[in-house]
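The values are calculated or read from the model by the stated rules, or taken from the named source; none is laboratory data. Everything numeric in this text was worked out from a predicted model, so none of it was measured. Cβ: placed from backbone, ideal geometry, glycine included. Neighbour counts: every protein chain shown.
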Amino acid sequence: MVEMLKGIAASDGVAVAKAYLLTQPDLTFTKVTVEDTSVEETRLDEALTMSSGELQKIRDKAAQTLGEEEAQVFDAHMMVLSDPEMVSQIKQNISDNKVNAEAALKEVTDMYIGMFEAMEDNEYMRERAADIRDVTKRVLAHLLGVTIADPSMIDEEVVVVAHDLTPSDTAQLDRNFVKAFVTDIGGRTSHSAIMARSLEIPAIVGTKEITSKVKNGELLAVNGIEGDVVIDPTEEQKTEFIQAAENFEKQKAEWDKLKNAQTVTADGKHFELAANIGTPKDLEGVHNNGAEAVGLYRTEFLYMDAPDFPTEEDQFEAYKSVLEGMDGKPVVVRTMDIGGDKKLSYLQLPDEMNPFLGYRALRISLSELGDSMFRTQLRALLRASAFGQLRIMFPMVATLQEFRQAKKMYEEERQKLIDEGVTVADKIEVGIMIEIPAAAVLADQFAKEVDFFSIGTNDLIQYTMAADRMNERVSYLYQPYNPSILRLVKHVVESAHKEGKWAGMCGEMAGDQTAVPLLMGIGLDEFSMSATSILKTRSLMKRLDTTKMAELANRAVSECVTMEEVQALVEEYTAE
Ligand code: PEP
Ligand code: MG
């Protein structure tokens, strides 16, 4: 039955394809007594063989796409399946107790899991427990005839439907097959949404109920520009969406013509248009979209993609390849911003009521736990500085003491490297992200000590409005054009300029087409955004006059009371 849902438009583009539900399967079963235990043993054998075949495929695919080291986790899973001791215990349980295979499997594997988990300080054994838990789920699914979804195994065109997608789920999506994704929860600035934009996968988040409305294989029409999704569309609706997809492609072809053009306004002023990246692989998008710099390299993805902390050498190679790839153009590298929705499988952080307000980012780097991680990263960065124009930026700075402490560690590592005879660039700008209101308010003082600011509006807006960026129920409070946010941004930019420093923005607001005219008027120097937003922003800037935009910005911060009033004013000043 045709049904239409509205969500938050998270990544531009339009697609029509079958739904692929990436949800947890229902693995509940009832324990029953059986007459013929041999039937249950055969069922178990079949489920084990199917699981093993599946794991082999997943392993091969992981080795191809992620590398041999990442693939090894599946070897461990296959070893569990072929453990003769465990398999014979399950069969024994079936014949002794005359129970179904599901019940026998669960009882024996639970016993092993309990035993391994009890060995509290043995990391290796706890990992075995996790492997057994994973494998048991797979075998149970086969016994029950339900499918375990696996995004890395998708090999036909689909729209992925999920309750939520973690950044690591998103990283596994193959854009050749995944034509779009739609989730129940999430906001425009959650990291899976940000990643969808770099992967150029159309996306809608925060529909609240897509997983309960759509069945596997049902046709979906998705418009990531408007945030509309239609389940089981009529022929007419399909044509409408396909038309919208064609229009979008035409529009993109127009923007593409500006790829090698300068970013110059109607009155001849230049702004720097930079791209946000998560991994060196994203450089392709940076070049394809004609970015003039990298304004934010989110290095935590380097940590999230690895099975353990990346070494100084691994990091050095990654940073060097980005600096070289940008051929002397500026690259702002942000030190690790772990925590919030960015977790590491190998770093156990305490459970917190409010992770976005908790132990994250620079707070970890400056603590005892993070000290050596942070110094390793600084050393890798300093070594890489010889290969391009590096700028270093600290995330989540709340106080000047935090900045001073981080800067001191940076200076210490720099001196050590110089003493060791390592080549380090003479001048590396060291700046901070402005994403905590306290730092925004005190920007005039910070500006005396830092080399630059980059305004992280994804967090700055969530903290200023006290509205969780991951929570679709309060997503209406993500208001980049609210006069309160504009006043903060204006204060930050003016404070930087008073001290002769530059101010950029790397939050999603920098590429928001309604915000751009305001930010031009405020005098922001650098705009860093998802690479896919660069050309449309260049096209917009080309037809706007900065004097007129300055008047717009002044009126917005002094006369407007609501976001809607600001929007109306922007429309008035930018009408073609
Ligand atoms: C921000 O907060 O605006 C930002 C750019 O950082 P992140 O989205 O990674 O938190
Ligand atoms: Mg942030």
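Of the residues Val332, Val322, the single one that is within 16 Å of ligand 1 (Cβ to nearest atom) and either in a helix (DSSP H, G or I) or at pLDDT 95 or above (or both) is Val332. Within the option set Asp83, Asp110, Asp45, Asp60, being closer than 19 Å to Leu140 by Cβ, modelled with pLDDT under 90 and out of contact with any Asp or Glu (no Cβ under 7 Å at 6 or more places or on another chain) holds for one residue only, Asp83. So how many residues does the range 335-348 have that are away from ligand 1 (no atom under 16 Å from the Cβ) and either closer than 23 Å to Tyr463 by Cα or more than 19 Å from the chain's Cα centre (by Cα) (or both)? Total satisfying the criteria: 1.
The lone criterion from (1) over 20 Å from the mean Cα position of the chain (by Cα); (2) at pLDDT below 95 left unmet by Leu535 is number (2). Residue count for the range 221-258 under the criterion of being within 18 Å of Gln513 (Cα to Cα) and part of a loop (DSSP other than H, G, I, E, B): the result is 5.
Restricting the range 447-492 to residues that are small (Gly, Ala, Ser) and either at pLDDT 95 or above or within 15 Å of ligand 2 (Cβ to nearest atom) (or both), the residue that is nearest to Ala361 (Cα to Cα) is Gly456. Residue by residue through the range 407-442, note down the ones that are within 16 Å of ligand 2 (Cβ to nearest atom) and in contact with a Leu (Cβ under 8 Å, 6 or more places away or on another chain). Ile434, Glu435, Ile436, Pro437, Ala440, listed by residue number. For the range 325-342, filtered to residues that are within 15 Å of ligand 2 (Cβ to nearest atom) and basic (Lys, Arg), the residue that is farthest from Gly186 (Cα to Cα) is Arg334. Which residue is nearest to ligand 1 (Cβ to nearest atom), if the candidates are limited to the range 383-440 and must be of a type in the set (Val, Ile, Thr) and in a loop (DSSP other than H, G, I, E, B)? Residue satisfying both the conditions and the ranking: Ile436. Go through the range 275-292 residue by residue and tally those that are crowded, with 21+ Cβ neighbours inside 10 Å, away from ligand 2 (no atom under 16 Å from the Cβ) and within 24 Å of Met396 (Cβ to Cβ). The number of residues fulfilling the criteria is 2.
Going by the conditions given, is Gln315 surrounded by fewer than 15 Cβ atoms within 10 Å (Cβ to Cβ) and at negative phi? No, not satisfied. Only residues that are under 10 Å from Ile204 (Cβ atoms) and touching a Lys or Arg at 6+ places or on another chain (Cβ under 6 Å) were counted across the range 1-30, and they come to 3. Looking at the range 174-189, is at least one residue within 16 Å of ligand 2 (Cβ to nearest atom), small (Gly, Ala, Ser) and either farther than 30 Å from Gly114 by Cβ or in contact with a Pro (Cβ under 7 Å, 6 or more places away or on another chain) (or both)? Yes, there is a match, as at least one residue in the range 174-189 is within 16 Å of ligand 2 (Cβ to nearest atom), small (Gly, Ala, Ser) and either farther than 30 Å from Gly114 by Cβ or in contact with a Pro (Cβ under 7 Å, 6 or more places away or on another chain) (or both). Would you confirm, using the coordinates I've provided, whether Gly7 is of a type outside the set (Lys, Arg) and surrounded by fewer than 17 Cβ atoms within 10 Å (Cβ to Cβ)? Spelling it out, it is not the case that Gly7 is of a type outside the set (Lys, Arg) and surrounded by fewer than 17 Cβ atoms within 10 Å (Cβ to Cβ).
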